[in-house]
1. Which value in deg cm²/dmol, rounded to the nearest 500, describes the helix-derived mean residue ellipticity at 222 nm for the chain, given -39,500 (n - 2.57) per DSSP H run of n ≥ 4 and division by the residue count?
2. Which net charge results when you count Lys and Arg as +1 and Asp and Glu as -1 among the other residues whose beta-carbon is under 15 Å from that of S72?
3. Would you mind ranking M44, M34 so that the residue whose beta carbon has the fewest other beta carbons within 10 Å leads the list?
4. To the nearest 10 degrees, how steep is helix 49-61 against the longest Cα principal axis of the chain, on a 0 to 90 scale?
5. Read phi for every residue in the stretch 32-47 and hand back ³J(HN,Hα) as whole Hz from Karplus 6.51 cos²θ - 1.76 cosθ + 1.60, θ = phi - 60°, with x for Gly and Pro.
6. Under a Cβ-Cβ cut-off of 12 Å, what is the net charge of the residues other than H2 that fall near it, where Lys and Arg count +1 and Asp and Glu count -1?
7. Under the rule that an exposed site lies in a DSSP loop and has at most 16 other Cβ atoms within 10 Å, name the longest stretch of the chain with no GluC sites (Glu not before Pro) of that kind, not counting the sites themselves.
8. May I ask you to sort L76, L82, L51 by Cβ crowding, counting other Cβ atoms within 10 Å and putting the fewest first?
Amino acid sequence: MHCMWCGSNEAYQDKKTCYWELPDGTRAIEITEMPSVACPDCGMIYQEETLIDDIEDQLMLINTKLLPNSISYSVLMEQPRLLQRNYFKA
Ligand SMILES: [Zn+2]
């Protein structure tokens, strides 16, 4: 797939561990098995914009105080939401 940083077509889907700061800024959690794009040409590993939006939305809608310091992406996205939709989003 296409690398958004260097334009290489050698980029591929991968699952990576990354650190994410909670929206309230109290701490960062480790998210494992995060769908990511890895590029062998420029070395970038990044998450696609839509995925970042989904995670940010999810973190706004769940009780982040209950989250462990390390959680897998799929478990994170299965956490029950306090609100049905994101009222914080403009
Ligand atoms: Zn690249």
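No value in this document is a laboratory result; all are computed from the given coordinates. Keep in mind that this is a model prediction, so the values were computed, not measured. Glycine also receives a Cβ, built like all others from the backbone with ideal geometry; neighbour counts cover every protein chain displayed.
1. So the helix-based figure for the chain works out to -6000 deg cm²/dmol.
2. Residues close to S72 contribute a combined charge of -3.
3. Working: M44 16, M34 20.
Sorted ascending by nearby Cβ count, the order is M44, M34.
4. 10
5. After applying 6.51 cos²θ - 1.76 cosθ + 1.60, I find 9, 6, 6, x, 9, 10, 10, 10, x, 7, 10, x, 6, 10, 8, 9 Hz.
6. Charge balance near H2 sits at -3.
7. Details: sites that count: E10, E48.
Within the chain, the longest run free of exposed GluC sites (Glu not before Pro) spans 49-90.
8. Details: L76 22, L82 9, L51 15.
Lowest count first: L82, L51, L76.
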